[in-house]
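Okay, so here's the structure we're looking at.
Read-outs: derived from the displayed coordinates by stated rules, not from any lab. Not measured: the values here are computed from a predicted model. Methodologically, a virtual Cβ is constructed for each residue, glycine included, from the backbone with ideal geometry; neighbour enumeration extends over all protein chains shown.
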Amino acid sequence: MKMNFLILLSLVIFCFFASSCSKADAVSLRQLNESAPSRVILEIEHLSYGSMDGFNGRTLGFRLYENGKFEYEEISNEKLKEYKGQTFTSEAISKKAGILSESELTEIREILDSKEIHNVKDYFKNAEGFCTCGASRTEIRYKIEGSYIKNINIDGSGCADLKNTDKKYFPQFPKVLSELIKQVQKITYPNSENS
């Protein structure tokens, strides 16, 4: 009787230990999946310098991760007023973040997966050259088929509306890039009339 009791007690302790270990593994695996880093699939940066009364430096226009999370920086007019004149962008920015809806993420992924964007040239230059807003550049980077990163440079971008490019400034600017920029601006400036 004593032997049966010890065997039963040992079995209960073993089962309790085994079930608690499996639950701990399930929790840690779930936490691991939630905290696993998501890869960047799209990044847009802006560089401005030489402006008479603005900011100089690089800002993050938009960064999108596979899981739909995004982040960007925008220039704060309040901070610009505070510095009264030229300032580094790092002094004048405010950081923003969010997560895309499933439909927004799908729209951007469709553009990034399209053949049209894969065939876009790597470099565009404003035909008008240097303008009163100073020198500027927009850099767009995105992944093609999950591995190759395509980099597109757009010089003189600060003097043009890249969503609706005027042929005077960018004679051969592709519609697919304009559409991508339009989608990003709908996310970063949802209340803007011109998004």
#### Entry: Cα principal axis extents for the stretch 40-188, largest first, Å
44, 34, 24
### Query
What order do you get for Tyr169, Tyr148 when you list them from fewest to most C-beta neighbours inside 10 Å?
Tyr148, Tyr169
### Query
In what sequence do Glu116, Glu66 fall when counting other Cβ within 10 Å, fewest first?
Glu116, Glu66
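As a quick test, which of the pairs Lys69/Lys186; Lys69/Lys115; Lys125/Lys167; Lys125/Lys168 have an alpha carbon distance above 22 angstrom in this structure?
With Cα atoms farther than 22 Å apart: Lys69/Lys115.
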